[in-house]
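Please read the structure below before turning to the comments.
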Amino acid sequence: MIKPSTMYVIVGVIVGFAIASVFLLQSPEIQTTVADSSDVYPKFENPTPRTLHYTLIAQDAEIEVAGGVRATVWTYNGTVPAPTLRFDEGDEVEVKFVNETPYAHTIHFHGTHDSVNDGVFPMIMPGEEYTYHFIAEESGLFMYHCHAFPTTEHVRMGMFGAMIIDPMHHDMKPAREYLFVLSEFDLKTHLRRSHDSIQLMGMQTSTWTTQFKW
């Protein structure tokens, strides 16, 4: 007659082998499964991709932010927000960047790009030019902005804009479309006067991009 303690050991060994066999059978599939961005953002082939060229110039400027109130800003092409970039999924995009300011700047494009064209590095020094090149993938609404350190200062000074990558497949075309690029200038606590203009100095300036279609 088998003792109860011996029976527990036998049952434990059987259960242990059963659990181990399940993990061993599943492990090859788990180990060989590779996830990439296509699993989250499906990419669709563009049968007629275009090659699009843009030029963005870093410029210091003054803009009116309220009646009779002007602010000194850092811009792309003299406007805040910067010009909206728009292309179709799969298009080939080239952006020539010219730095006409006394500070180092970049253009960082949100989305997936290699390090050479992502815009975090290199820093484009005053008087220099740089060309970014990428394929427009992962359709959607994105932000682009300067990534020079400190990044928050360059963004709140005005170096930001919207980038729209339209999907290849549209379930339904919108009757109307609106794009909002929202930011704020705090005139009470985050600006100081410099001669006849206002310099943006605060850390609380926020930026949002929102697109509505219906």
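The values are calculated or read from the model by the stated rules, or taken from the named source; none is laboratory data. If you're wondering where the values come from, they're calculated on a predicted model, not measured in any experiment. Because the Cβ atoms are built from the backbone with ideal geometry, glycine has one as well, and the counts that use them run over all protein chains shown.
A few remarks follow.
- K96 surrounded by 11 or more Cβ atoms within 10 Å (Cβ to Cβ), modelled with pLDDT of 95 or more, basic (K, R) and closer than 20 Å to A136 by Cα: yes
- T131 vs. criteria among the hydroxyl-bearing types (S, T, Y), surrounded by 14 or more Cβ atoms within 10 Å (Cβ to Cβ) and closer than 18 Å to A82 by Cα: no
- Residue ID - farthest from T75 (Cα to Cα), chosen from residues in segment 169-214 that are at pLDDT 75 or above, loosely packed, with under 14 Cβ neighbours inside 10 Å and of a type in the set (A, V, I, L, M, F, W, C): M172
- Within segment 134-168, if we keep just the residues that are surrounded by 19 or more Cβ atoms within 10 Å (Cβ to Cβ) and among the β-branched types (V, I, T), the residue that is nearest to A71 (Cα to Cα) turns out to be V155.
- Considering the conditions (1) more than 17 Å from the chain's Cα centre (by Cα); (2) at pLDDT below 95, D91 is excluded by exactly one of them, (2).
- Top-ranked residue in segment 142-160 [being out of contact with any Ser or Thr (no Cβ under 6 Å at 6 or more places or on another chain) and in a strand (DSSP E or B); ranked as modelled with the lowest pLDDT]: F142
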